[in-house]
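The block underneath contains the structure these notes are about, expressed in structure tokens.
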Amino acid sequence: MPKRILTGTVTGDKNEQTVSVSVQRSFQHPVLKKTIRKSKTYRAHDANNQFKIGDTVRIEECKPISKTKRWTVLADA
């Protein structure tokens with residue numbers, strides 16, 4: 001099964017080797033036909049602590065690194 005790759009914005013970088021990434025998705029409501037935006041926050045592994053708040057990054061699904069981390073940062077988007 002291929003690994004998922006998502007694009008989002010870094011919203012937190014306080015922890016060592018970890019960033020919080022907010023990913024927004026848009027979809028159309030099935031009944032009202034209105035465009036809805038939803039966001040979800042993922043915690044991703046940043047080995048070199050190189051990404052700061054506001055950066056746009058791509059994250060890739062990986063094996064569990066810790067209790068909450070299941071994603072790694074690929075690079076700037």
Discussion item. Once neighbouring chains are kept in place and the probe is 1.4 Å, which whole percent of the accessible area of the chain is contributed by carbon and sulfur?
Written reply: 48 percent
Practice prompt. Only Cα pairs under 8 Å and at least 6 apart count here; give the relative contact order of the chain as a rounded whole percent.
Written response: 33 percent
Fill in: Estimated inter-spin distance, Glu16 and Ile36, nm [label 7 Å along Cα→Cβ]
4.2 nm
Worksheet item: Which FRET efficiency, nearest 0.05, do Gln28 and Glu61 yield, Cβ-Cβ r, R0 35 Å?
Response: 0.85
Response to the item:
The size of the Cβ-based charge dipole (Lys, Arg +1; Asp, Glu -1) of the chain about the Cα centre, to the nearest 20 debye, is 540 debye
Item to complete: Calculate, for the chain, the solvent-accessible area per residue in square angstrom, rolling a 1.4 angstrom probe over the heavy atoms of the protein chains.
Response: 74 Å²
Worksheet item: Principal axis lengths of the chain from Cα atoms, whole Å, largest first?
Response: 45, 31, 22
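The values are calculated or read from the model by the stated rules, or taken from the named source; none is laboratory data. Keep in mind it's a predicted model, so treat the numbers as computed, not measured. Please note: Cβ atoms are built from the backbone with ideal geometry, for glycine as well, and neighbour counts cover all protein chains shown. Remember, those area values only see protein heavy atoms, side chains included, never the ligands or the DNA or RNA. Shrake-Rupley method; radii C 1.70, N 1.55, O 1.52, S 1.80 Å.
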